[in-house]
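Read-outs: derived from the displayed coordinates by stated rules, not from any lab. Because the structure is predicted, anything quoted here is derived from the model rather than measured. Backbone-built Cβ (ideal geometry, glycine too); neighbour counts: all protein chains shown.
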Amino acid sequence: MELWTEGEAAMLCSLFFISFISTATSFEMKTIYCTISDSCDCDFNPNIQGLEWDLYKNVYGQHLAQEIVSESVASFLKKTNPDRPLVLSFHGASGTGKSMVSTMLGRHLYGTAMGSPYIHQFVPTLHFPLADRVKRYRSDLKRWVQGNLTACARSIFIFDEMEKMPTGLIDVLEPFLGPSHVVFQTNYRKAIYIFISTAGQEVINKVALENIRAGQDREEIQLKELEEPILDDVYKNQNSGFYHSRIILEKRITHVVPFLPLRQRHVERCAQREMCQRGECQRKDVAKAVGGVVTYTPQDGQHFSSTGCKLVPAKVNLFL
């Protein structure tokens, strides 16, 4: 076998070194591009019109949620370099549409419900079940969020069942939600955070009930009637992940999103949608029957579904 001459070997080493430098430079340029780009390896593909249509077509009795979510997301995504992340805090009783709206966001921002690797959902009973391990959870959560932001600036973080979140845990995120934190190799301010909680529902239900007793249209309820009372309630509520939270004190929540309690007509619309999904759109009698068997509160008025639309699929089964 013929051996390389000293000159040929030197030339081969030079070519290998140039190739290595070129590859490294290419990787570095790609990293820089990914840092400033909205897409790159992220599958971010926002469809704002689709989101607005989905909200108005499939979310019933929630004019505040429809308006706040569609307008805030559209406004946020128009900014090529936002000054802080978008932080939405969903509040309301079970079955009023909070999880449905968060799923819609995933579907219309990434083209998938919750299957994107850039949508991260946390459930306290699953991910943070032990109250005596808060220090460890804080460290893990901070590292997890920072790592995922580095992988994709347009990450979405969803924190469900905030009323079950261990006290003090969520505050580890406070620096990530403001304008001056630093996460290397990414623009962390492009992220979206969603907090979902039943905490604050008493405040919302009280305002909704007063609205009915005053003979006003539901759509007359305004955010200014609810925003500060909800924040005050969850801050003082020991059964809230925001209990004495710096996120509240430092005003890191961009928008409070109240979900109003549902009336019988809304339950019937949920049942009708369920029937259509089963190919039984013509069975309006079933939707009406479902609305009639759901439990309503308070006892002296029977105004609001005690479970929202949560039990509608099971109730539909009773009449088919």
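A few remarks follow.
- Subtracting the Cα-Cα distance of residue 223 and residue 320 from their residue separation scaled by 0.36 nm leaves 31.0 nm.
- Rounded to the nearest 20 debye, dipole of the chain from Cβ charges on Lys, Arg, Asp, Glu: 740
- Rounded to the nearest 20 debye, the dipole size of the range 224-315 about its Cα centre is 400 debye, using +1 on the Cβ of Lys and Arg and -1 on the Cβ of Asp and Glu.
- Computed lengthening from residue 67 to residue 80, 0.36 nm per intervening residue step minus Cα-Cα distance: 2.5 nm
- Contact order relative to length of the range 155-291, as percent, for alpha carbon pairs under 8 angstrom and 6 or more apart: 27
- Judged by the ratio a/c of the largest to the smallest principal axis of the C-alpha gyration tensor, the chain counts as prolate, that ratio being 1.5 or greater while a/b is larger than b/c.
- Helix axis angle, 264-277 relative to the chain longest principal axis, alpha carbon, degrees: 50
- Principal-axis tilt of helix 6-36 within the chain, Cα atoms, nearest 10 degrees: 20
- Three-way shape label, the range 96-203, alpha-carbon gyration tensor, a/c 1.5: oblate
- Among 277, 148, 231 the positive-end extreme of the charge dipole of the chain (Cβ point charges): 277
- Ordering of 277-286, 109-118, 303-312, 180-189 by packing [mean C-beta count within 10 Å, highest first]: 303-312, 109-118, 180-189, 277-286
- Counting 0.36 nm for each residue step from residue 244 to residue 56 and taking away their Cα separation leaves a gain of 64.2 nm.
- The modelled label-to-label distance for the pair residue 131/residue 113, using points 7 Å beyond Cα in the direction of Cβ, is 3.4 nm.
- Rounded to the nearest 20 debye, the dipole magnitude of the range 264-318 is 180 debye, with +1 charges on Lys and Arg beta carbons, -1 on Asp and Glu beta carbons, and the Cα centre as origin.
- Scoring 136-145, 251-260 by mean Cβ neighbours within 10 Å over their residues and listing the highest first yields 251-260, 136-145.
- Relative contact order (percent, whole number), the range 264-318, Cα cutoff 8 Å, 6+ residue spacing: 40
- Sequence-separation-based contact order of the chain, relative, with Cα cut under 8 Å and 6+ spacing, percent: 21
- Tilt relative to the chain, helix 284-293 - C-alpha long axis, 0 to 90 degrees, to 10: 80
- Distance between the C-alpha centres of the range 280-303 and the range 58-134: 28 Å, rounded to the whole angstrom.
- Highest mean first, the peptides 164-172, 288-296 sorted by other C-beta atoms within 10 Å per residue fall in the order 164-172, 288-296.
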